[in-house]
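What follows is a set of notes on a single structure, which appears directly below.
Each value in this text was obtained by applying a stated rule to the coordinates, not by laboratory testing. What you are looking at is a predicted structure, and each value in this text was computed from that prediction instead of being measured. Cβ: placed from backbone, ideal geometry, glycine included. Neighbour counts: every protein chain shown.
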């Protein structure tokens with residue numbers, strides 16, 4: 001079974017194509033302007049600065065190691081936003097790839113996720129540089145290997161929403177505005193800025209309804225608190241994400257196949 | 001009937017296609033909500049009506065018919081770009097549709113476009129490296145290779161597209177009036193490679209209004225009239241039917 005898969009990958013150029021399209025996508029996003037990659041790093045830093053002033057300096061929320069606490073959550077949150085909001089028009093902007101050939105559209109989605117993963121990799125790297133060298137009294141333990149299933153969960157979730165939204169875009173052009181509102185609301189009802197206890201007490205059960213919550217909560221468990229993930233949340237999150245991915249794939253088959261003639 | 005994968009390039013069974021064209025742009029959530037009870041009736045355009053046929057590997061297959069007869073729609077359906085409403089299309093191999101341009105991003109440079117297109121057409125990076133110089137020289141674009149193609153003239157883009165198609169083309173090529181790219185000198189060159197590298201060796205579906213071209217290259221020709229496959233067979237008969245319609 002595995003050898004068949006291996007031969008299939010080696011025999012075709014699918015992996016190479018995935019990497020080529022991801023690199024080009026990444027380049028288009030970050031190397032086109034003069035400051036280049038710097039922008040990718042400035043964005044989370046500026047956000048941390050703003051929330052630090054608001055929550056620690058003015059409101060005195062009193063969360064220990066607040067910068068690290070925020071940093072890891074924002075990096076994951078931004079990946080989700082970029083992969084969902086940023087890809088709504090993907091079938092329109094990447095039309096040149098499928099309009100003249102019988103290329104499978106799912107490859108376009110995977111390459112964009114791939115390019116975002118390159119960005120996520122640099123952001124996580126930057127987080128660990130801060131965490132290990134600047135943050136005082138914190139250390140990294142073996143528990144960070146659990147970051148792998150957590151990021152996998154994030155990727156499945158993002159791909160799912162990317163598919164759902166971009167295919168709905170074919171029949172509803174204002175989905176972008178609607179999603180912008182949902183994302184805006186989502187940011188404030190996710191456990192990004194608050195103490196987890198406060199969040200759970202105020203909105204019980206929400207960490208199960210909001211699909212990004214389990215990812216953020218567990219990422220903090222394994223990175224900041226040197227703890228194993230909350231297993232219930234982790235498995236629930238994976239099932240939840242796969243559910244969205246299946247809806248997305250269904251929509252790609254139903255609506256996406258008509259993208260060439262409708263867009 | 002069992003179908004031989006080695007021999008057949010495209011199979012079309014009971015395919016048909018209807019376009020639904022709505023009067024105003026009825027594709028936002030807002031409009032849908034406000035018109036919940038009075039949905040506008042879209043106009044139906046039957047572009048292709050029930051047809052059955054297959055295209056053999058290595059064959060040059062012609063598609064003729066007047067404007068609006070469904071030629072281009074049929075080409076897109078056979079290439080797997082448009083889905084059919086009924087029946088199915090089975091494609092054995094990668095396809096490429098060419099009319100004036102091929103799929104290229106205007107945000108990318110000529111070099112990047114060559115690699116992306118080549119890869120989409122099924123080549124490996126090493127294989128693209130090998131034909132890269134050939135593509136650039138054939139398109140006569142050596143000094144603009146790292147320029148974004150949005151700064152190219154339409155002729156330059158067409159030449160690049162043609163050159164990629166010639167040197168990296170897919171197994172099944174759909175050519176929609178392509179022998180009119182570029183100046184006379186480029187056209188001569190284009191026809192030469194067209195005869196050399198496509199007619200022998202690749203499966204070609206040729207859409208054209210030029211009956212001379214059709215008669216010269218195609219073994220079998222499909223003649224379409226108002227979305228109906230009126231005739232499929234030898235070129236001579238199909239061309240005569242088409243000429244009779246135009247009288």
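Which percentage, to the nearest 5, of the DSSP beta bridges contained in the protein assembly as shown is antiparallel?
60
With chain A treated as a Gaussian network of Cα nodes joined by springs under 10 Å, which of A:165, A:234, A:20 yields the largest mean-square fluctuation?
A:20
Taking Cα atoms, how many degrees apart are the long axis of helix A:147-171 and the longest axis of chain A, rounded to 10 and kept between 0 and 90?
50
For region A:21-262, what does the alpha-carbon gyration tensor say about shape, rounded, prolate or oblate, given a ≥ b ≥ c as the root eigenvalues, a/c under 1.5 as rounded, and a/b over b/c as prolate?
It comes out prolate by the Cα gyration axes.
What's the angle, to the nearest 10 degrees (0 to 90), between helix A:37-51's Cα axis and the longest principal axis of chain A?
The two axes meet at around 40 degrees.
Taking Cα atoms, how many degrees apart are the long axis of helix A:213-223 and the longest axis of chain A, rounded to 10 and kept between 0 and 90?
Once rounded, one gets 60 degrees.
With a ≥ b ≥ c taken as the square roots of the eigenvalues of the C-alpha gyration tensor of region B:7-141, please select rounded if a/c is under 1.5 and otherwise prolate if a/b is larger than b/c or oblate if it is not?
Because a/c hits 1.5 or more and a/b fails to exceed b/c, region B:7-141 counts as oblate.
With just the Cα atoms defining each centre, how far is region A:59-84 from region A:169-246? Give it in Å.
12
Pick from A:28, A:91, A:74 the residue whose mean-square fluctuation is largest in a GNM of chain A, springs joining Cα atoms under 10 Å.
A:28
Counting only C-alpha contacts under 8 Å and six or more residues apart, can you give the relative contact order of region B:140-247 as a whole percent?
18
Rounded to the nearest 5, what is the percent of antiparallel bridges among the DSSP beta bridges in chain B?
Once the DSSP bridges in chain B are tallied, antiparallel ones form about 55 percent.
Under the definition of partner shielding as Cβ atoms of other protein chains within 10 Å of a residue Cβ, what is the mean value for peptide B:118-125?
6
So what is the relative contact order of chain B, in percent, for Cα pairs below 8 Å that sit 6 or more residues apart?
Across chain B, relative contact order equals 26 percent.
Which of the peptides B:167-176, A:56-65 is most tightly packed, and how do the rest follow, going by the mean number of other Cβ atoms within 10 Å of each residue?
B:167-176, A:56-65
Which peptide among B:110-120, B:148-158, A:116-126 comes first, and what is the full order, when sorted by highest mean count of other Cβ atoms within 10 Å?
B:110-120, A:116-126, B:148-158
Please label the shape of chain B as rounded, prolate or oblate, based on the square roots a ≥ b ≥ c of the eigenvalues of the alpha-carbon gyration tensor (a/c under 1.5 means rounded; beyond that, a/b larger than b/c means prolate, else oblate).
Judged from the Cα gyration tensor, chain B comes out oblate (a/c at least 1.5, b/c at or above a/b).
Any chance you could check the Cα centroid distance between region A:107-124 and region B:83-162 for me, in angstrom?
Spelled out, the Cα-based centre of one part sits 24 Å from the other.
May I ask you to derive the relative contact order of region A:21-262, considering only C-alpha pairs under 8 Å and at least 6 residues apart, and to give it as an integer percent?
Result for region A:21-262 is 27 percent.
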